[in-house]
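The values are calculated or read from the model by the stated rules, or taken from the named source; none is laboratory data. What you are looking at is a predicted structure, and each value in this text was computed from that prediction instead of being measured. Quick reminder, even Gly has a Cβ in these numbers, built from the backbone with ideal geometry, and neighbours come from all protein chains shown. Calculation scope for accessible area: heavy atoms of the full protein, side chains included, ligands and nucleic acids excluded. Shrake-Rupley method; radii C 1.70, N 1.55, O 1.52, S 1.80 Å.
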Amino acid sequence: GGIGGGGSGGGGALRPNLCSNCQSKGPFTVNLGETIYGDYQKLTLQESPGSVPPGRLPRHREVVLTHDLIDCARPGDEVDITGIYCCNYDAGLNIRSGFPVFSTHIEANFIRKRGEEAAAAALTEEDVAAVLELARDPNIGSRIIRSIAPSIFGHERVKTALALALFGGVEKTAGAAHRLRGDVNILLLGDPGTSKSQFLKYMEKTAPRAVYTTGKGASAVGLTAAVRRDPMTKEWTLEGGALVMADTGLCLIDEFDKMSDQDRVSIHEAMEQQSISISKAGIVTQLQARCAVIAAANPINGRYDPSQTLVENVELSDPILSRFDVICVIRDVIDPVMDERLAAFVVASHA
């Protein structure tokens, strides 16, 4: 047996080529009324962004779901899949290539979502004992702040804000229809050369789930979700963007002020309601984007002018500024004493 439309790559019902009883080679006519049809769904399994080595694209593999496994995972979910690695003979692919080529996929038998329970189950007894010992330390807050980007000098308040974003707040649900997010959105606004991008890179390496993107390299579709036509079934499929892939994690956006206004408007809903509504090509759905957004931006004239207000210094609209819980202004103030301490710190770190 096989899966019609997806098993052979032909797009129609699978036709038998040989009768197992009389060894006749046909041709056979398929009785469509007696045929048993079953639902199937195709997923694209992709490496999580945090586990991809530098300089390499994420690997992906098609997964075929049948029966009760359909619709058990949504775009952006981290899953563990148990299945059978299969290969298909694709005549069209062989004709284009000129030599035998087999397309491969995974027929899933079981899918398990990764969540907080899976992360807690990975802790050993020694890890639990170490966590409990750290919890008894009265200065654990300052120790956590000092451990944020230790190679960067100063910026205690910025590190405090980043620590708050890593741990997050408490989500409140006041009834079935009213929900208040618990994630902390942070905007780093400052002069050039004040290690804003280094903070974002450190958060990308530290957080268990983080997606890093830049303002010029990200579009509205790339941040939220894209709808494209599947080349095999010719149906419209949904692909999650950066905010969907960063669900229950961090979404880091560098050069936030370089984004166009149309692209920046697309993340308004994701930052406050933490969901992305899609209504394209007959697909009407809602994706989860429960992530904390940490963005870095430069002032309008390159350097922050303290004689003006914050709104006059940054080219961002009031609705997007109101969605940031913490706005950190990083200024490069000329101070000989602090500059000497900074130079000594940099020299000592490279020694």
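In this simple spin-label model, placing a label point 7 Å from the Cα along the Cα-to-Cβ direction at both R143 and H350 gives a separation of 3.2 nm.
The Rg/Rh ratio of the stretch 199-319, with Rg taken over Cα atoms and Rh as the Kirkwood radius over Cα pairs, comes to 1.04. Placing dummy labels 7 Å off each Cα toward the beta-carbon, the span from D261 to V131 is 4.7 nm.
For the chain, please report how many Lys pairs fall under 14 Å Cα to Cα, leaving out neighbours fewer than 8 apart on the same chain. The result is 4. Scoring 65-71, 241-247 by mean Cβ neighbours within 10 Å over their residues and listing the highest first yields 241-247, 65-71. The base-10 log of I(q)/I(0) for the stretch 305-351, evaluated at q = 0.16, 0.17, 0.22 Å⁻¹, reads -0.66, -0.69, -0.82 [Debye formula, identical scatterers on Cα atoms, solvent excluded].
The residues of the chain expose, per residue, 62 Å² of accessible area to a 1.4 Å probe. Computed with a 1.4 Å probe on the full set of protein chains, the accessible area for I294 sits at about 0 Å².
Taking every DSSP beta bridge with both residues inside the chain, roughly what % is antiparallel (nearest 5)?
60 percent
Kirkwood hydrodynamic radius of the stretch 262-351, from the reciprocal of the average inverse Cα-Cα distance over all distinct pairs: 16.8 Å. What you get for the chain, charging only the Cβ of Lys and Arg (+1) and of Asp and Glu (-1), is a dipole of about 800 debye around the Cα centre.
Could you tell me which of M271, L43, L310 has its Cα farthest along the dipole of the chain towards the positive end, charges placed at Cβ (Lys, Arg +1; Asp, Glu -1), taken about the Cα centre? Checking the options against the dipole of the chain, the answer is L43. The computed Kirkwood radius over Cα pairs in Å for the structure shown corresponds, within (1) 24.2; (2) 20.8; (3) 26.4, to (1).
Probe radius 1.4 Å, ligands and nucleic acids ignored: give me the carbon and sulfur share of the accessible area of the chain as a rounded percent. Write down the numbers at each step before the final one.
Values: 11900 of 21730 Å².
Of the solvent-accessible surface of the chain, carbon and sulfur hold 55 percent.
Most tightly packed first, judged by the mean number of other beta-carbon atoms within 10 Å of their residues, the peptides 55-61, 39-45 read 39-45, 55-61. Peptides 339-348, 208-217 ranked from most to least packed, by the mean per-residue count of other Cβ atoms within 10 Å: 208-217, 339-348.
Just check the stretch 126-204 against the gyration tensor rule for me: Cα atoms, a ≥ b ≥ c as the square roots of the eigenvalues, rounded for a/c under 1.5, and otherwise prolate or oblate depending on whether a/b exceeds b/c. Can you show the working numbers first?
Numbers: a/c = 2.58, a/b = 1.15, b/c = 2.25.
Oblate shape, in that a/c is at least 1.5 and b/c is the bigger or equal ratio.
Ranked by solvent-accessible area (1.4 Å probe, protein heavy atoms only, all chains present), the residues C251, C87 order from largest to smallest as C87, C251.
Scanning the chain for long hydrophobic helices, with DSSP H runs required to stretch 20 angstrom or more by C-alpha along their axis and to average at least 1.6 on the Kyte-Doolittle scale, returns nothing. Taken along its principal axes, the alpha carbon cloud of the stretch 175-234 reaches lengths of 50, 39, 22 Å, longest axis first.
Take every pair of alpha-carbon atoms less than 8 Å apart whose residues are at least six positions apart; their mean separation over the length of the chain yields a relative contact order of 15 percent. Between L321 and L342, the FRET efficiency from the beta-carbon distance, with R0 = 35 Å, is close to 0.70.
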